[in-house]
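Below is one structure, written out as structure tokens; comments come after it.
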Amino acid sequence: MPSEKADNIHASVLPDETVEILNARSGGIFVDATLGLGGHSEAILNASDENRVVAMDQDQDAIRLATDRLKGFSDRISVFHSNFSEIRSVLAKAGIEKVDGIFADLGVSSLQLDSEERGFSFRFDGPLDMRMDLTSNDATAAELLATLSEFDIADVIYKYGEERSSRRIARRIVEKREAGEPITTTGELARLTERSVRRSKKDKLHPATRTFQALRIAVNREMEVLEKFIVEAVSSLKIDGRLAIISFHSLEDRIVKHSFQRMAGKCICPPRMPQCICGARTEVEILTRKPIIPSEFEIAENIRSRSAKLRAVRKVAATQAS
């Protein structure tokens, strides 16, 4: 039984498509590696009375709301406070070796974006935190800006945000820091980036969008964690089990796409090599040659779904880590 509060905060993206690509109507054990507010877990549990879900999330606020939303399924779902890269450890705790399907939604939830205290959004003036897991000892975004060199700040903003004005932004951040005025709030960072980014008339993005994205990725080590998760997830599948991932920006989608291709046996050796030495080995079959994207109707109902891309694979051979 969904909680009205959880439903009002967040609408799940591509829920029907996720159920179909996971083959969740046939019954089995599934992992929701990014529980969020429980929308995808709810869809999987509703797909078959035979389904069990092992869910995890690093955000305890999300876990609390999702647990309330899914209380009608309490006998078929187990929830763990963990980062999705620790999927094998979580399954071990649950007493499960292999599963039929695994799902991950890489987006930041509305719960996080709309929280002034979390520091994910430039729409509010709050602490510049950006940690997905507030119980972790990881450095906050403000701490990164207070300790990284100008070069490293620029590198983070350009690498993870693809922001062309990264050097100018980094220089002004360091100038304020050296003047005894370090950036500690979202409002301060948003105003600084607005003064630093050159915008064209065609640019619809807020000037701070790419910088905030970059810092969030750096704080939570999202790209590094994602690569580890994909390998661990495939190794946790049964043969014929499926892994489905929804990404929301090009950097994530690129990692998912290339990881799937590599695990599907695509050789990445230079073209003139007489034989393959990269170790490409077919472990999965790609189910989505092109990513599944939301319909115009879904985008109209939930504007935050507009950049979503769903990719999926089916495991066809035992992995070397299995």
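Some notes on this structure:
- Label point at Glu178 placed 7 Å out along Cα→Cβ; residues across the range 143-159 whose backbone nitrogen lies under 18 Å: 145-155
- Estimated [θ] at 222 nm from DSSP helical runs (n ≥ 4, -39500 (n - 2.57)) normalised by residues in the chain, nearest 500: -12000 deg cm²/dmol
- Point-to-point label distance, Cys269-Gln60, nm (Cα→Cβ direction, 7 Å offset): 5.1 nm
- The lysines whose alpha-carbon is closer than 29 Å to the alpha-carbon of Lys290, local same-chain residues fewer than 8 away aside, are Lys98, Lys159, Lys202, Lys204, Lys228, Lys238, Lys257, Lys266, Lys309, Lys315.
- Volume per residue for the range 112-220 equals 90 cubic angstrom (convex hull of Cα atoms).
- Theoretical gain in end-to-end length, Asn137 to Asp240 [0.36 nm per residue, Cα-Cα removed]: 33.3 nm
- With 0.36 nm allotted per residue and the present C-alpha distance subtracted, the Phe297-Lys98 stretch has 68.0 nm of extension available.
- Taking Cβ atoms as reference points and 13 Å as the exclusive limit, the residues near Ala233 contribute a net charge of +2, counting Lys and Arg as +1 and Asp and Glu as -1.
- The modelled label-to-label distance for the pair His81/Glu224, using points 7 Å beyond Cα in the direction of Cβ, is 2.3 nm.
- Look at the alpha carbon pairs under 8 Å that are at least 6 residues apart: their mean separation over the length of the range 112-220 gives a relative contact order of 34 percent.
- FRET E, pair Arg254, Phe151, Förster distance 22 Å, beta-carbon r, rounded to 0.05: 0.35
- Based on the Stokes-Einstein relation at 25 °C and a viscosity of 0.890 mPa s, and on the Kirkwood radius from alpha carbon pairs, the range 41-96 is assigned a translational diffusion coefficient of 210 µm²/s.
Values quoted throughout were computed directly from the atomic coordinates according to the rules given, and no laboratory measurement underlies them. Keep in mind that this is a model prediction, so the values were computed, not measured. Note that each Cβ is placed from the backbone with ideal geometry, even for glycine, and that neighbours are counted across all protein chains shown.
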